[in-house]
Amino acid sequence: MVTVDQILTILKTVVDPELHKDIVSMGMIKDIAIHDGRVAFTLELTTPACPFNSDIEQDVRNAIANIGVKDLDLKITARVMEGRAVSMDELLPGVKNILAVASGKGGVGKTTVSVNLSLALARTGAKVGLLDADIYGPSVPLMLGLKKAPEVINNKIEPAFSEGVKCISMGFFYEQSQQAGIYRGPIVSGIVKQFLTDVNWGQLDYLIIDLPPGTGDAPLTLAQTIPVTGIIIVTTPQDVAMNVAVKAIGMFNKLNVPIVGVIENMSYMQCPHCHEQMHVFGKGGGQKVSEQFNIPFLGEIPLHAHIMEGSDFGKPVVISDPESMQAHTFSKVAKVIAGKVSIIAAEIRSQEGSETKGSDPDIKLDQKQTQSASHPG
Ligand SMILES: Nc1ncnc2c1ncn2[C@@H]1O[C@H](COP(=O)(O)OP(=O)(O)OP(=O)(O)O)[C@@H](O)[C@H]1O
Ligand SMILES: [Mg+2]
């Protein structure tokens with residue numbers, strides 16, 4: 001009969017394609033139980049949005065079949081790893097990862113990307129928050145179709161909630177006061193800090209921060225207030241957008257904030273009939289930025305009327321038409337990002353020496369197996 005050791009040994013041959021580590025050392029195998037030749041265990045992925053989810057599952061099934069087990073009860077769960085030094089940070093202890101979406105130039109689609117990525121991550125089962133750090137021109141409430149101002153309960157602002165995403169924005173408060181946003185730098189910094197500290201975010205796997213364009217007060221405040229997992233740079237294919245994206249990356253590098261990668265928005269239009277891709281704004285701007293700075297290229301988002309309509313009428317395409325090509329593209333990019341975040345988190349864990357290297361996963365044995373485990377073979 002198969003033993004726990006045999007199971008662990010064979011599972012050690014399964015390597016997470018992105019983290020390049022075996023799944024046993026990563027602590028991804030839990031609760032092994034063996035009963036009458038039936039094997040059960042849990043595979044705990046590093047994110048519900050794992051891009052290699054089904055590959056890892058298949059490798060696990062093949063490995064277990066290779067040691068002669070015919071009856072496998074495999075449970076798959078996910079627990080997102082912390083991709084930032086939370087212990088140093090008293091502000092948001094329940095938030096595992098903070099991802100800020102930035103660009104050099106305005107109007108390249110940061111908010112559209114932030115909103116659709118947040119919704120795509122939430123659809124995988126992750127706990128997601130969205131902080132609109134664009135104090136002068138907040139557009140997140142409009143894009144999410146949210147109107148009701150958040151309430152204050154026990155001195156904490158309760159975030160608004162839409163399709164699984166918790167959300168805060170200055171837009172809610174302008175909506176109430178009918179005022180336009182004309183604020184000086186220190187006030188902008190104060191509001192961004194308040195959105196980080198005075199909002200009841202609770203437990204989140206990912207907090208997405210939609211930054212205003214350029215290199216102004218909001219990104220500086222963010223970088224100086226709280227450890228972030230990394231920055232997602234949005235650019236369009238044109239040289240002019242790309243050149244200013246380069247400036248933004250330079251600023252974050254100086255501030256020592258990691259860059260998760262670059263997304264190219266409005267990359268191409270796809271002919272609805274022949275599916276040919278037309279590169280109306282030129283080609284390869286995002287790739288060039290990625291190569292120049294040696295940062296990951298996270299994907300291309302097409303230019304499409306449904307994306308624009310979804311954003312501008314409060315029904316983002318990921319929700320209004322989840323099976324569309326556009327929604328699938330956002331989901332794919334969200335998974336790539338989740339994978340990169342897992343890599344950053346794994347690096348932090350190994351630097352801290354807290355990796356479960358070689359340590360035993362939780363193993364539950366029934367009576368019979370306890371006996372055979374203590375007398376292997
Ligand atoms: N892929 C896309 N296809 C079609 N329209 C898009 C796409 N991405 C963004 N848009 C549209 O472009 C306009 C600008 O987008 P968005 O507001 O997201 O940009 P931004 O970078 O957040 O702007 P700002 O710098 O002002 O904050 C919006 O009308 C939006 O609907
Ligand atoms: Mg915006």
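Nothing in this text is a laboratory measurement; each read-out follows from the coordinates by a stated rule. Since the structure is predicted, the reported quantities are computational estimates derived from the model, not experimental observations. Heads up, the Cβs are rebuilt from the backbone with ideal geometry, glycines too, and the neighbour counts pull from every protein chain shown.
For a straight C-alpha distance cut-off of 23 angstrom, the lysines reachable from K75 (same-chain residues fewer than eight places away being disregarded) are K12, K21, K30, K127, K335, K357, K364, K368.
With the helix formula -39500 (n - 2.57) applied to DSSP H stretches of n ≥ 4, the chain reaches a computed 222 nm mean residue ellipticity of -11500 deg cm²/dmol. What the phi angles of the stretch 15-21 give under the Karplus curve with 6.51, -1.76 and 1.60, with θ = phi - 60°, is a coupling list of 10, 5, x, 9, 7, 6, 10 Hz, glycine and proline written as x.
Relative contact order for the stretch 273-348: 20 percent, from Cα pairs under 8 Å spaced at least 6 residues apart, divided by residue count.
Taken along its three principal axes, the alpha carbon spread of the stretch 215-278 comes to 49, 23, 16 Å, from the longest extent down to the shortest. Computed on the chain, with alpha-carbon pairs under 8 angstrom and 6+ residues apart, the relative contact order is 23 percent. Gyration tensor analysis over the Cα atoms of the stretch 86-322 returns equivalent ellipsoid semi-axes of 28, 21, 17 Å (largest first, whole Å).
Once the Cα-Cα distance is subtracted from the 0.36 nm per residue extended length, the R61 to H275 segment shows a gain of 73.4 nm. Restricting attention to the chain, close to 25% of DSSP beta bridges with both partner residues there are antiparallel. Annotation: the stretch 30-81 has a Kirkwood hydrodynamic radius of 11.6 angstrom, from the mean reciprocal C-alpha pair distance.
Using only side-chain charges placed at the Cβ, +1 for Lys and Arg and -1 for Asp and Glu, the dipole size of the chain relative to its Cα centre rounds to 380 debye. Under 21 Å of direct C-alpha separation, and excluding same-chain neighbours fewer than eight residues apart, K105 reaches these lysines: K247, K254, K283, K288. Each residue of the stretch 36-46 was assigned a 3J(HN,Hα) from its phi angle through the Karplus curve 6.51 cos²θ - 1.76 cosθ + 1.60 (θ = phi - 60°); the sequence is 6, x, 8, 10, 10, 7, 10, 9, 9, 6, 7 Hz, with glycine and proline shown as x.
For the stretch 1-141, the Cα-based Rg and Dmax, in that order, read 19.9, 67 Å. The phi torsions of the stretch 310-326, fed into the Karplus equation with coefficients 6.51, -1.76 and 1.60 and a -60° offset, translate into couplings of x, 5, 7, 10, x, 9, x, 4, 4, 9, 6, 8, x, 8, 6, 4, 5 Hz, rounded to whole numbers, with Gly and Pro shown as x. Computed on the stretch 208-289, with alpha-carbon pairs under 8 angstrom and 6+ residues apart, the relative contact order is 32 percent. Two numbers describe the Cα atoms of the stretch 142-278: Rg and Dmax, which are 17.7, 57 Å. In this simple spin-label approximation, D239 and D312 carry label points 7 Å from Cα along the Cα→Cβ vector, and these lie 2.9 nm apart.
For K166, the aspartates and glutamates whose Cα falls under 17 Å of its own Cα, not counting residues fewer than eight places away in the same chain, are D132, D134, E151, E158, D198, D205, D210.
Fraction of C-alpha pairs exceeding 19 angstrom in the stretch 81-133: 38 percent, rounded to a whole number.
Computed over the alpha carbons of the stretch 291-349, Rg followed by Dmax gives 14.4, 42 Å.
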